Structure formats: structure tokens, C-alpha cells
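In what follows, a structure is listed as C-alpha cells, so that the remarks can point back to it.
A short reminder: the numbers here are calculations on the coordinates, not readings from a lab. Keep in mind the model is a prediction, meaning the values are calculated, not measured. For neighbour counting, all protein chains shown are included, and Cβ atoms are generated from backbone atoms with ideal geometry for every residue, glycine included.
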Amino acid sequence: MDFKSVVLARQSDRSYLDKPVEKDKIERILECARLAPSACNAQPWHIIVVDDPIIKDLIADATSERILGMNHFTKQAPIHLVLIEEPANFTSGFGSWIKRKHYPLIDLGILAEHICLAAASEGLGSCMIGWFDEPKVKKICCVPAGKRVQLIVTLGYSASKKRIKKRKAMAEIVSYNRY
């Protein structure tokens, strides 16, 4: 699959088939994640692969919001990847302070997109979840105090049809040499 085809295949899937994901596909996705770039090569992340059905359902419960009706689909996903922010190396941390940008958050976004694009190339659906009860997720996954769970990515075989991407026109988002 060429890169644009992978990008077009990637979507935020909110419906998954009741079909397990093969370990070799998960390993290839994790290898693509491992190769993601980061500021000053800090690699400020840790990934917890949640494939145990009981733990996965507990994580899914921590992502669901009854009042707002959010994320109820997460129980369908056979895999949840819990993305933990780790401390940046000295250079990235110092750069974050100097430039007033928290580079580890940018790095985790890049990591998450590598995961989602790799999943699409494997024929899998994915969805980045930012709405969850972080203390519950930390407790369920035994994440040490002082560490942050920044994102959860669901993975599985999509039960959704591919949607046409609705995006702003190029002229609305791109300019050359000046705003």
C-alpha cells in the first residue's frame, strides 16, 4: 500500500468485529511505534498492551462517559494500547523549558499516529482516546505515581465502512512564506 492509501485507510473506528488481532500484527505495529521520532531522541513513552479481556473491559469502563454518551464502543476493541508519558532526556527537557513547549506531548502524538497508520497498513482499525478516568486507568495498569497516561489507542478489525474524509480545503490550511 502506498503512503497516501494508508492515510486514506486510517480513520477513527468506533465499531469493531469480534475477532482477535494476530500477535504478529501487534508486534509489527509496536515496531513502527518504536521507530517513531522524538525531540532529541528522548523517546519519552511506555506502551502497555492490554489484551486480557478482563483488564481490557476495566479500561473500557474507565473511558466511557454515561452522561455524555462517550466511548461506549471501546469494549468492542480487542486491544487497548495505553500510552504513558515518561521523562524526557536532559536535552529535550531543557529545550521544553527554553521554548515553553512540552515536547513529550508532541512526541506522544507522533507515536500515536505511527501506531494508527501502522494499524491501517495491517488492515486494522484504531481510535485515539483522550477522554478517560486517568486515576482508574493508572490503578488498573499499575502505572507508577508521578507518571501520566496521556492517550489510549484502541485496535481491532473495523466493523465500520470507510468514510470519505471531510477536511478543509488546502487553501484554508496552507500558505507559503507568510500567514
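Checking 48, 54 one by one, the residue that is β-branched (Val, Ile, Thr), within 21 Å of residue 140 (Cα to Cα) and not in a helix (DSSP H, G or I) is 48 and no other.
Could you please find all residues in the stretch 2-15 being in contact (Cβ under 8 Å) with a residue 12 or more places away in the chain and over 14 Å from residue 116 (Cβ atoms)?
If the condition is that a residue be in contact (Cβ under 8 Å) with a residue 12 or more places away in the chain and over 14 Å from residue 116 (Cβ atoms), then 15 is the only one that fits.
Of all residues in the stretch 21-51, those satisfying the criterion of being farther than 22 Å from residue 158 by Cβ and either surrounded by fewer than 19 Cβ atoms within 10 Å (Cβ to Cβ) or under 16 Å from the mean Cα position of the chain (by Cα) (or both) are 34, 35, 36, 37, 38, 40, 41, 43, 44, 45, 46, 48. Residue under question is residue 88, and the condition is that it be buried (at least 21 other Cβ atoms within 10 Å of the Cβ), free of Cβ contacts under 8 Å to residues at least 60 places away in the same chain and either touching a strand residue (DSSP E or B) at 6+ places or on another chain (Cβ under 9 Å) or part of a strand (DSSP E or B) (or both); does it hold? No: the conditions fail for residue 88.
If you go through the stretch 63-83 and pick out every residue that is of a type outside the set (S, T, N, Q) and more than 24 Å from residue 107 (Cα to Cα), you end up with 11. Could you identify the single residue in 165, 136, 161 that is touching a residue at least 24 places away in the same chain (Cβ under 8 Å), charged (D, E, K, R) and surrounded by fewer than 10 Cβ atoms within 10 Å (Cβ to Cβ)? Unique residue meeting the criteria: 165.
Looking at the stretch 69-85 only, could you name the residues that are touching a residue at least 40 places away in the same chain (Cβ under 8 Å) and either aromatic (Phe, Trp, Tyr) or surrounded by fewer than 16 Cβ atoms within 10 Å (Cβ to Cβ) (or both)? Break it down into steps so the answer makes sense when it comes.
First, pick out the residues of the stretch 69-85 that are touching a residue at least 40 places away in the same chain (Cβ under 8 Å): 70-71, 73-74, 76-85.
Across the stretch 69-85, the qualifying residues are 70, 73.
Here is a yes/no grid of residues against (1) small (Gly, Ala, Ser); (2) surrounded by 16 or more Cβ atoms within 10 Å (Cβ to Cβ); (3) not in a helix (DSSP H, G or I):
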{"position": "94", "(1), (2), (3)": "no, no, no"}
{"position": "107", "(1), (2), (3)": "no, yes, no"}
{"position": "132", "(1), (2), (3)": "no, yes, yes"}
{"position": "154", "(1), (2), (3)": "no, yes, yes"}
